[in-house]
Amino acid sequence: MAQGRGKRRNGGAMKGGIDDLAIFGAPPAFREKLYVGRPNIGDRERLLARINDLIDRKWLTNNGPYVQEFERRVADSLGVKHCISMCNGTVALEIATRALGLTGEVIVPSFTFVATAHALQWQEITPVFCDIQPETFTFAHARVEEMITPRTTGIIGVHLWGRPCDVEALTGIARRRRLRLLFDAAHAFGCSHQGRMIGQFGDAEILSFHATKFLNTFEGGAVLTGDDALARKIRLMKNFGFSGYDDVVYIGINGKMSEVAAAMGLTGLESIDDFIGANRRNYALYRDGLSGIPGIRPVLYDERERCNYQYVVLEVDEASSGVGRDTLVDVLHAENVIARRYFHPGAHRMEPYRSCFPHAGLVLPVTERLTRRVLSLPTGTSIGADEIREICAILRLAVANAPGLGARLGAVPPSR
Ligand code: T4K
């Protein structure tokens, strides 16, 4: 697999002094931009062969053979009875929410991609934002229980960055309070929780196969469930409510995955071990390369579980590093490292939530503190070890020169 060929500018020499930083006018460390979320692509020949096949077959969508095979393989690999593929993760969330009969209010974390909240609001269900635990970045379940009202019908837990949320606590709350429990597992394909694969929990879980995800189908998603009746309903819903050739028995929309998307997914599945291997190697390189930098803490994965290591996330403690998260992002962007602030500023600080009742003025202290501290770095199959070492060296240089950086940046406009 091609990894980071020829992107470094200096061919060996790392940046050594503050004047070498591109934010002060030096050439950027990388000739090309390094992105978070560069797609993992499996074997190109296998993909093109599959695309040729589907073109020859003239069966492009509507539950074609590749879609059926993809669904079967995903379900088998996760140990889930039903995998119902979708055109994307957001539609998977919307359809799952609707099929579960959620109405009124649903409790969600704010520290997530905004689609988790929008999927509810789009259906005029109120997302009730709950704060997170600082150690895990996932639901503070004690708070979840306090937020239940007579209008609450469900909870959506998010396995943020593929790190499982507290499944047991949420399952207990949902059972006790007779609520539906859905998991947004958009980041968590291939991850496990206490030895069981994500996908097996709650009433249903949803996946995203967006281009930026660990496993991609260009665009795509899925609902996973062990519940036969729910699976039947979701299959109707995603195909206009058709139960047969021309018999519509239900209100539905179009949530179908195409054959070309499934061809990409099947090809990616064959390279899963390579994808995980590259991500795990990158994660280890970042951990080594960043160790000992004051105030920079990589968010860790539980190595006892299966992980996809798809997100390399740092938490920046400005009091110790002397440099704020946003300054580090500016420094990296200038070097052509397009670090991201996933998921700043928190869904409750985005429109329409930040302006509208009942969210306006909502304060979630832990979410707000952490969304100001995290940044995601490039990883995946398109980045190499040399590039990671250089990114770490840039961060080390920035923190080592924190006072000078701060003083000089007072006069430099931010790059974003
Ligand atoms: N729930 C959660 C927790 C999610 O994170 C998401 C999606 C969903 C639900 C909804 O699933 P989908 O409906 O998307 O299937 C990106 C993705 O668009 C989104 O799928 C993802 N989460 C989110 C975390 O990231 P943006 O706005 O950051 O996308 P964008 O265009 O800035 O691209 C991200 C990076 O990837 C860039 O640095 C460039 C790079 N990139 C992107 C694409 C599309 C490439 O290198 N190649 C590409 O083809 O949202």
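Measuring nothing but protein heavy atoms, the accessible surface of the chain at 1.4 Å probe radius is 52 percent carbon and sulfur. Springs join every pair of Cα atoms under 10 Å in this Gaussian network model of the chain, and among Gly361, Gly89, Gly324 the largest mean-square fluctuation is at Gly361. Quotient of the Cα radius of gyration of the chain and 2.2 N^0.38 Å, N being its number of residues: 1.02. Each Lys or Arg adds one and each Asp or Glu subtracts one; over the other residues with Cβ under 14 Å from the Cβ of Gly244, this totals 0. Rounded to the nearest 20 debye, the dipole size of segment 44-270 about its Cα centre is 240 debye, using +1 on the Cβ of Lys and Arg and -1 on the Cβ of Asp and Glu. Taking the DSSP beta bridges with both ends in the chain, the antiparallel portion is around 55 percent.
Given the options Phe139, Phe189, Phe242, state which has the largest fluctuation in a GNM of the chain using a 10 Å cut-off (strictly under) for Cα springs. Greatest mean-square fluctuation among the candidates belongs to Phe242.
DSSP finds beta bridges in segment 44-270, and of those with both partners inside it, around 45 percent are antiparallel.
Accessible surface area normalised per residue over the chain is 43 Å², counting heavy atoms of protein chains with a 1.4 Å rolling probe.
Nearest 0.05, what FRET efficiency do Ala407 and Asp288 give at R0 = 25 Å with Cβ-Cβ as r? For Ala407 and Asp288, the calculated efficiency is 0.25.
Counting only Cβ charges, +1 for Lys and Arg and -1 for Asp and Glu, the dipole size of the chain around its Cα centre is about 280 debye. Taking a ≥ b ≥ c as the square roots of the Cα gyration tensor eigenvalues, with a/c under 1.5 meaning rounded and otherwise prolate when a/b beats b/c, else oblate, which class fits segment 44-270? It comes out prolate by the Cα gyration axes. Distance from the C-alpha centroid of segment 106-137 to that of segment 384-403: 34 Å, rounded to the whole angstrom. Charged side chains reduced to their Cβ positions (Lys and Arg at +1, Asp and Glu at -1) give segment 321-385 a dipole of some 200 debye around its Cα centre. Ignoring lysines fewer than eight residues from Lys256 along the same chain, the ones with Cα atoms less than 29 angstrom from its Cα are Lys58, Lys81, Lys213, Lys233, Lys238. Think of the chain as having a plus end and a minus end, set by charges on the Cβ of Lys, Arg, Asp and Glu; of Val363, His159, Ile388, Ile388 sits farthest toward the positive end of this dipole. Of the residues Ala140, Leu182, Asn336, the one whose Cα sits farthest toward the positive end of the charge dipole of the chain, with +1 on the Cβ of Lys and Arg and -1 on the Cβ of Asp and Glu, is Asn336.
A full extension of the chain between Asp326 and Phe24 corresponds to an added length of 107.1 nm, given 0.36 nm per residue minus the alpha carbon distance. Here is how the number arises for the chain: DSSP H runs of 4 or more residues each give -39500 (n - 2.57), the sum is divided by the residue count, and the result at 222 nm is -10500 deg cm²/dmol. Computed from Cα atoms, the angle from the helix 228-237 axis to the main principal axis of the chain rounds to 80 degrees. Seen from Val167, the other residues with C-beta closer than 11 Å to its C-beta sum to a net charge of -2, counting Lys and Arg as +1 and Asp and Glu as -1. Computed FRET efficiency, Cβ-Cβ of Asp227 and Arg143, R0 25 Å: what is it to the nearest 0.05? Step by step, r from the Cβ atoms, then E = 0.35.
The values are calculated or read from the model by the stated rules, or taken from the named source; none is laboratory data. What you see is a predicted model; the values in this text were computed from it and never measured. Because the Cβ atoms are built from the backbone with ideal geometry, glycine has one as well, and the counts that use them run over all protein chains shown. The protein model used for the area step is the full one, side chains on, heavy atoms only, and it has no ligands, DNA or RNA in it. Shrake-Rupley method; radii C 1.70, N 1.55, O 1.52, S 1.80 Å.
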